[in-house]
1. Go through LYS128/LYS383; LYS95/LYS128; LYS193/LYS271; LYS320/LYS504; LYS142/LYS492 and tell me which ones have a Cα-Cα distance over 32 Å in this structure.
2. For region 368-505, take the convex hull of the Cα atoms, compute a quarter of its surface area, and give me that in nm², please.
3. Rg and Dmax in Å for region 448-505, alpha carbons only: what are they?
4. Show the residues, 5+ positions off or on another chain, whose built amide H is closer than 5 Å to the amide H of LYS465.
5. Report the net charge of residues surrounding VAL449, where surrounding means a beta-carbon distance below 9 angstrom and charges are Lys +1, Arg +1, Asp -1, Glu -1.
6. Over the chain, what is the relative contact order in whole percent, taking alpha-carbon pairs under 8 Å and six or more residues apart?
7. Please compute one quarter of the surface area of the Cα convex hull for region 168-232 and express it in square nanometres.
8. If you put +1 on each Lys and Arg Cβ and -1 on each Asp and Glu Cβ, how big is the dipole of region 166-438 around its Cα centre, in Debye rounded to 20?
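The values are calculated or read from the model by the stated rules, or taken from the named source; none is laboratory data. Note that the coordinates shown come from a computational prediction; the quantities given were computed from them, not determined experimentally. FYI the Cβ positions are ideal-geometry reconstructions off the backbone, even for glycines, and counts take in every protein chain you see. Each accessible area value is taken on the protein alone, full model and side chains, heavy atoms only, with ligands, DNA and RNA left out. Shrake-Rupley method; radii C 1.70, N 1.55, O 1.52, S 1.80 Å.
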Amino acid sequence: MILHIHGDLNPYYAQTLCLIYFPGSKFGEDEVEADGVPIVDIFVEDRADGIYSRAVIRVGEKRAEADCFVPFSELFPRDRVRKMASGHAVTLAAKDFFGYISPWGLLTGVRPAKVAAQYLESGYGVMKTRKLLTGEYFLNPKKAYLATSVAQTELKLTRGKGDDLCSVYISIPFCPTRCAYCSFISASHRMLKILDDYLALLVEDVKSTFALIRDLGKTVASVYIGGGTPTTLDAQGLETLLAAVAESTDVTALEEFTLEAGRPDTITAEKLEIARRYGVTRISVNPQTLSDEVLGNIGRRHTAADFYRAYEIAAASGIKDINTDLIVGLPGDDFKTFSHTLDEIVALDPSNITVHTFCFKRAADMSKKQGTAFVPDVQSAAKCIQYSQLTLPGAQYKPYYMYRQKNAVGNLENVGYAKPGSACMYNIYMMEEMHSIFGIGAGAVTKLVEHTGGAPRMKRIFAPKYPYEYLRDIEKLRAGDRDAGIPSYADKVHAFFRAGEQEKA
Ligand code: SF4
């Protein structure tokens, strides 16, 4: 599509606004005006008392435009007023053009609950926050209610917890086979031959990272072993990894220790017994759907019966919390199959249920195959999401964390629900950037966070993305090269926190 910005407006923000109504659009320099190519003009004008904006949307002969003035006020910083004015103008023009407003209004970000949390923390009550979300951000009242509920729960669960805490993420980017919809870096059967070498390096990485955390004087609140599918490791490999964690930190002092087992076809009683013995408190057993036909469509290589078998093992394992991931909007899924899946899962009574919206990502095998073009049923997905948002609170599950992804069907959200006392704290810490997360393993990202009063200071350190790159490069990257002036991982981490101390002084 063609986007023209006239005035002072962050181009990335303008693009994300356009993507709400023109999902999947590209903003190339070489786009030329032609029939069917959407053209959006956004005008932004600074005035003495506020920001004026006008948006024009054109596709061929069809055209809509709207304008808006947002005055400066104590309520919003200047930059937000600019975004709101242009957001209002684009949203109102889109309403005229398409006949609807996106349920998330002009919120473009990954974390819609963050805006609600900011208002709640600034002293706005729940009702006023919802009113601001519907009135100023054009959220549909149900989404405003959801965002505010999530923010309330997050604030309650994290009150008094500072950035002296930290969390650790350990990556096992391997799966027994690759699902057709996967766009993650996960390596499947062809790469499993390097799993032993990967594990050997990972164990060293685990030990040195926990040693660094001790040096920093931070307390590890949560450990999350994610994937891929961590239970792709055999029982012996899993024990090696968990023993390395247990040697490096007092696992009994952790607030939470998650093993995202994931695929039912990798879960055995022996592995979960080892996990429990080494202090794991939370596991995920993810069916995604209980329709065998839909599981076949997404190349998941397990059946609903496999899920029930794995769930039974998990329920008998003595591990405190079980999460089950579901996905709305999968190819071949509809309201009937989704509501059946959700009802069955609720009947099993796991402490956590996470409802994702299907994301059609370009990297997935499914979209690479010709002739399998998938046209999502947005209306049906929205109905399923709504069903989950009514059913789960009715069964004592509270929404406690939420995020959105690009290319999600219908621009819908992903929501984590938990029974009282069971929310996954790692998910909240990570999503809300509350403290540093030390990432270990291929594809992992260390995100250093320090709260200094205003916007938090942050720095990301990326581990090599693919397992074979990790094998090749991690030792060099961890050690650095003093002679060549390349800092080690520990040097970078220390430098970040030293700079924070200097700023405070
Ligand atoms: S289990 Fe998850 S990470 Fe593994 S291939 Fe399937 S979608 Fe990808």
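1. Result: LYS320/LYS504; LYS142/LYS492 exceed 32 Å.
2. Details: hull surface 54.8 nm².
Directional mean of the projected Cα hull area for region 368-505 stands at 13.7 nm².
3. Reported Rg and Dmax, both Å: 14.1, 43.
4. GLY443
5. Here the charged neighbours net out to 0.
6. On the way: 944 pairs, mean separation 60.7, N = 505.
Taking the mean separation of contacting Cα pairs over the length of the chain, I get 12 percent.
7. Taking the Cα atoms of region 168-232, their convex hull projects to 5.0 nm² on average.
8. 620
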